[in-house]
Amino acid sequence: MATIRPAVATTGLRKSFGDHVVLDGLDLTIPAGTVLALLGANGAGKTTTVKILSTLLAPDGGSARVGGHDLATEPDRVRAAIGVTGQFSAVDSLLTGEENLLLMADLHHLPRRAGRERAARLLDRFDLVEAARRPASTYSGGMLRRLDLAMTLVGDPRVIFLDEPTTGLDPRGRRSMWRIIRELVTDGVTLLLTTQYLEEADQLADRIAVLEHGRLIAEGTPDELKRRIPGGHVRLRFADLGALDAAERVLDRAARDDDALTLRVSADGSLRSLRSLLDRLDEQAVEVDEVSVHTPDLDDVFLALTGEGGNRKVTTR
């Protein structure tokens, strides 16, 4: 069976500005048709990574392939394969929404008719038809971000870099962007997403990579990373004190709450650990009235990994 090439792959990527090391040997792999969320505090190296992979900045060392093309020797082919939406809108506020899209079509050397057809489809897809002939200066923040992403899609890229695409949007605007991003992935587009909204990464990412001081310190699916952090537990509720007593005798180190008729048992949240726990109770004929699983969220993961003493590498594959 043929090996499927990743959409993005970096090996030992390095970048410094003077004595300040921004990227210190970054290794990343993004399979085609997936979303990788790159997390990190300000200055961790997220935007520098996007700038290097989109050919806007030359690395000091290492190598990368984007869309199957070598970053160093085939930059033109890389640029032809990608789209970039940065932290700040690239929209020309003096032009209408439609004119911004037609300008991008001209820059991509699309024939006039094809450019107008693509602009019309994108205006419809991004719910901008009614505002198409209004100056972009009259658009709301959410409309500007949608138009900005629509402009990125004029060239039909298969790899898109989204650098904090929902910064400054209200919750409704943010969720609208999430819907659009999910649709892009369904269409087979690959996305590298940088964000400081951890809920956004949890909602959208197939895998998450955490950067600290230019180093990759953790990588895995959202659920895998959550299970790595202490604090996960299973809460068992029982019908009466008799069942609670029986369960406490079976389970080790369970925290008991007589008023709530519950036991809290440390667990990593995996199906295997939950099944093992319930099997032990079933073997002793102890009936559980209610089960709930609690795992740390990405806020807990981020603080644990990037906090003081958190400079360790955790990879789940």
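Every number here is computed from the coordinates shown, using simple stated rules; none is lab data. Small disclaimer: the values here were computed from a predicted structure and weren't measured. Cβ sites come from the backbone with ideal geometry, for glycine too, and all protein chains shown count toward neighbours.
Would you kindly calculate the translational diffusion coefficient of the chain, applying Stokes-Einstein with the Kirkwood radius from alpha carbon pairs, for 20 °C and a viscosity of 1.002 mPa s, and quote it in µm² s⁻¹ without decimals? Can you show the working numbers first?
Values: Rh = 22.1 Å.
This corresponds to a translational diffusion coefficient of 97 µm²/s.
Each principal axis of the Cα cloud of the range 106-190 was taken in turn, and the coordinate range along them, longest first, works out to 38, 31, 18 Å. Each Cα pair of the range 233-294 feeds into the Kirkwood radius, which the Stokes-Einstein equation turns, at 25 °C and 0.890 mPa s, into a diffusion coefficient of 217 µm²/s. Under 5 Å between amide hydrogens, built in the peptide plane, is the criterion, and for V22 it picks out K15, S16, F17 among residues at least 5 positions away or on other chains.
Here the Karplus relation 6.51 cos²θ - 1.76 cosθ + 1.60, evaluated at θ = phi - 60°, turns the backbone of the range 128-138 into coupling constants of 10, 4, 5, 9, 4, 9, 9, x, 4, 5, 8 Hz, with x for every Gly and Pro. The sum of -39500 (n - 2.57) across all DSSP H runs of n ≥ 4, divided by the residue count of the chain, sets its helix-only mean residue ellipticity at 222 nm to -10500 deg cm²/dmol. For the pair A80 and D92, label points projected 7 Å from Cα toward Cβ lie 2.5 nm apart.
What share of the DSSP beta bridges in the chain is antiparallel, in percent to the nearest 5?
Values: 34 of 53 bridges.
Roughly 65 percent of the DSSP beta bridges within the chain come out antiparallel.
Across the range 238-245, rounded Karplus estimates of 3J(HN,Hα) from the backbone phi angles (6.51 cos²θ - 1.76 cosθ + 1.60, θ = phi - 60°) give 10, 6, 7, 5, x, 5, 4, 4 Hz, Gly and Pro being marked x.
Residue by residue, the range 75-83 carries 3J(HN,Hα) couplings of x, 5, 5, 4, 4, 6, 9, 10, x Hz when phi is fed to the Karplus relation 6.51 cos²θ - 1.76 cosθ + 1.60 (θ = phi - 60°); x denotes Gly or Pro. Between T96, L278, T47, the Cα set farthest toward the positive side of the dipole of the chain (charges on each charged residue's Cβ, about the Cα centre) is that of T96. Annotation for the range 243-271 versus the range 154-205: alpha-carbon center distance of 40 Å. Look at the alpha carbon pairs under 8 Å that are at least 6 residues apart: their mean separation over the length of the chain gives a relative contact order of 19 percent.
Percent antiparallel among DSSP beta bridges with both residues in the range 143-269, to the nearest 5?
For the range 143-269, the DSSP antiparallel bridge percentage is about 70.
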